[in-house]
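The structure appears right after this line, and notes come after that.
The values are calculated or read from the model by the stated rules, or taken from the named source; none is laboratory data. Everything quoted here is computed from the prediction, not taken from an experiment. Glycine also receives a Cβ, built like all others from the backbone with ideal geometry; neighbour counts cover every protein chain displayed.
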Amino acid sequence: MKTLKKIVMGLTLVFAGALFMAFALPQDKKMGGPWEIPAKYKDMKNSMKDDAGSLKIGKMLYTKHCKSCHGGKGEADGPKAGSMKTAIRSFKSAEFQAQSDGVLYYQSFVGRDEMPNYEKKVLDDEDRWSIINYLRTLK
């Protein structure tokens with residue numbers, strides 16, 4: 001009788017695990033298309049030096065506004081990332097880091113689709129550039 005209970009319990013656990021894998025884990029996500037960056041942002045220059053003060057502010061603001069989706073190290077593994085329909089790209093990628101500061105500014109604060117607009121959440125331009133400086137450290 002104990003053997004039968006163990007078998008039933010084992011099969012129940014396997015079945016529950018299969019259901020979890022099928023429904024709880026993120027499914028294949030679509031990649032977002034190319035960004036259309038307005039010309040004024042492509043050549044925009046960062047007005048903040050990437051000194052310790054700027055990086056400290058950038059990290060603090062990143063933690064507040066970005067970490068929930070992008071993760072603590074910018075690896076697209078934040079707690080909200082799994083609920084997104086579109087895949088989030090890693091900030092560590094060479095493709096991401098090769099973009100100009102102005103392009104990162106546009107993507108980060110104007111946004112599109114599931115990437116929200118942060119222009120009314122991060123008001124100060126120096127704070128915005130500090131976040132960009134911090135993103136550069138996530139290589």
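Some points to look at:
- Residue 115 meets each of the listed conditions (1) surrounded by fewer than 14 Cβ atoms within 10 Å (Cβ to Cβ); (2) under 13 Å from the mean Cα position of the chain (by Cα) apart from (1).
- Residue match in the stretch 50-69 (condition: more than 15 Å from the chain's Cα centre (by Cα), modelled with pLDDT under 95 and either buried (at least 18 other Cβ atoms within 10 Å of the Cβ) or at negative phi (or both)): yes
- Residue list for the stretch 97-109, filter: assigned to a helix (DSSP H, G or I) and surrounded by 16 or more Cβ atoms within 10 Å (Cβ to Cβ): 101, 102, 103, 104, 105, 106, 107, 108, 109
- Residue satisfying all of: in the stretch 102-114; of a type in the set (A, V, I, L, M, F, W, C) and touching a helix residue (DSSP H, G or I) at 6+ places or on another chain (Cβ under 7 Å); farthest from residue 35 (Cα to Cα) among these: 109
- Among residues of the stretch 32-42 being outside any helix (DSSP H, G or I) and surrounded by 10 or more Cβ atoms within 10 Å (Cβ to Cβ), the one that is modelled with the lowest pLDDT is 32.
- Being at pLDDT below 95 and surrounded by fewer than 16 Cβ atoms within 10 Å (Cβ to Cβ) holds for only one residue in 120, 73, 80, 85, and it is 85.
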